[in-house]
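Visitor: I have a structure I would like to understand better, so I am pasting it below and will then ask my questions one at a time.
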C-alpha cells in the first residue's frame, strides 16, 4: 500500500446507517489516528422504518438526525446528504456529478464506498441502492473528479478544481483483502448502530447479531479468539 499520508477520508453510502453497519469501527479507528472523515449519504432513507404509526413524511428528517448522532459517536461531525429517493437510486450523470462535487470539496486521499458487485453470500448487503451508490462513487473517483473537463459546471460555476483520490476501500465486497481489528472501538460501532432507533424494532437482537458478524470476520482474518473485525477490499488508484 502507498506510503502517501492520509489526512482526509470520505465515506459515500446510499442510506443512513449503511456506514455504521459496514464500517463504523474502522471509521472510529481512523478518527483516532487524526484522519478527518466526512460522510456523504445519498438518500434520506425515506423508504425505511418499521413503525406504521410514524408519518412517512417525518422519516427523512428522523433518519438524517439519527445519522448525524451516529456519526458523532465515532467522531465524525461533517455529514452531508444528497437527498435522493430511497429505493430509486440509479447510476445517473447527476449522481456522479453530485458525488464528484463532494470529492472536490472534501479533497480526500481515501474514499470508502459500497460494493458495486453483488455479494451472493451476503445478499442483504447488495441492496440495489448500495450497488448503485458504489458504482456511481467509483465512477466519480475515476474518471470524473480528477478530470478537469468532466462536469464543467463544478469548475466554472462553483470553482471546484479537480481532485485525485488515491485509495479506495470497499465495504461488503465479495473480494476481501484487508481486515481491520476493531475490538477496541466495537462499543462505539454498536452505539452508532443503536442511534438508528427508527430502524431497530429489537435493538438487543441486532447488537448480538452484529457482534456475531464481527467475531466471524475476525476468525476469517486469523485474529486471536475474542477479537472483532471488519473486512474490506482495498485498492490504490494510480
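Every number in this text was worked out from the coordinates using simple rules, so none of it is lab data. These numbers were taken from a predicted model, which means no experiment stands behind them. Here the Cβ positions follow ideal geometry from the backbone for every residue, glycine too, while neighbour counts run over all protein chains shown.
Visitor: What does the extension gain come out to for residue 211 and residue 85, with contour length at 0.36 nm per residue minus their alpha carbon separation?
Guide: Values: separation 126, 0.36 × 126 = 45.36 nm, distance 3.05 nm.
Gain on extension, residue 211 to residue 85, equals 42.3 nm.
Visitor: Could I ask something else about it? Sum -39500 (n - 2.57) across every DSSP H segment of at least 4 residues in the chain, then divide by the residue count to get the 222 nm mean residue ellipticity, nearest 500.
Guide: My calculation for the chain gives -12000 deg cm²/dmol from helical runs alone.
Visitor: Over the chain, what is the relative contact order in whole percent, taking alpha-carbon pairs under 8 Å and six or more residues apart?
Guide: 25
Visitor: Within region 97-113, name every residue whose backbone N is under 17 Å away from a label modeled 7 Å from Cα of residue 236 along the Cβ vector.
Guide: The answer is 109-111.
Visitor: So for each of 173-186, 199-212 I average, over its residues, the number of other beta carbons within 10 Å; can you give me the resulting order with the highest mean first?
Guide: 173-186, 199-212
Visitor: Using mean Cβ contacts within 10 Å as the protection proxy, how do 140-147, 17-24, 28-35 order, highest first?
Guide: Descending mean neighbour count gives 17-24, 140-147, 28-35.
Visitor: Still on this structure, I have one more. If packing is taken as the average count of other Cβ atoms within 10 Å, what order do 97-110, 69-82, 120-133 fall into, highest mean first?
Guide: 97-110, 69-82, 120-133
Visitor: Under a crude label model (7 Å from the Cα following the beta-carbon direction), how far is residue 32 from residue 122 in nanometres?
Guide: Once both label points are built, they end up 2.1 nm from each other.
Visitor: Where the centroid of each part is defined by its Cα atoms, how far is region 134-158 from region 98-125 in Å?
Guide: Here the two parts' Cα centres lie 14 Å apart.
Visitor: Expressed in nm to one decimal, what extension gain is obtained for the pair residue 164 and residue 142 from 0.36 nm per residue of sequence separation less their Cα-Cα distance?
Guide: 7.1 nm
Visitor: Give, as ranges by residue number, the residues of region 169-199 whose backbone N falls under 19 Å from the point 7 Å along Cα→Cβ of residue 65.
Guide: Counting backbone N atoms under 19 Å from the label point, the list is 192-199.
Visitor: Here's something else I'd like to know. How many percent of DSSP beta bridges within the chain run antiparallel, rounded to 5?
Guide: Working: 9 of 28 bridges.
The antiparallel proportion sits near 30 percent.
Visitor: Now for a separate question. What fraction of the Cα pairs in the chain, stated in percent, has a spacing above 28 angstrom?
Guide: 27
Visitor: Can you give the FRET efficiency to the nearest 0.05 for residue 58 and residue 219, using r as the Cβ-Cβ distance and R₀ = 41 Å? Provide the component values of the computation, followed by the final result.
Guide: Numbers: r = 41 Å, r/R0 = 1.00.
Approximately 0.50, to the nearest 0.05.
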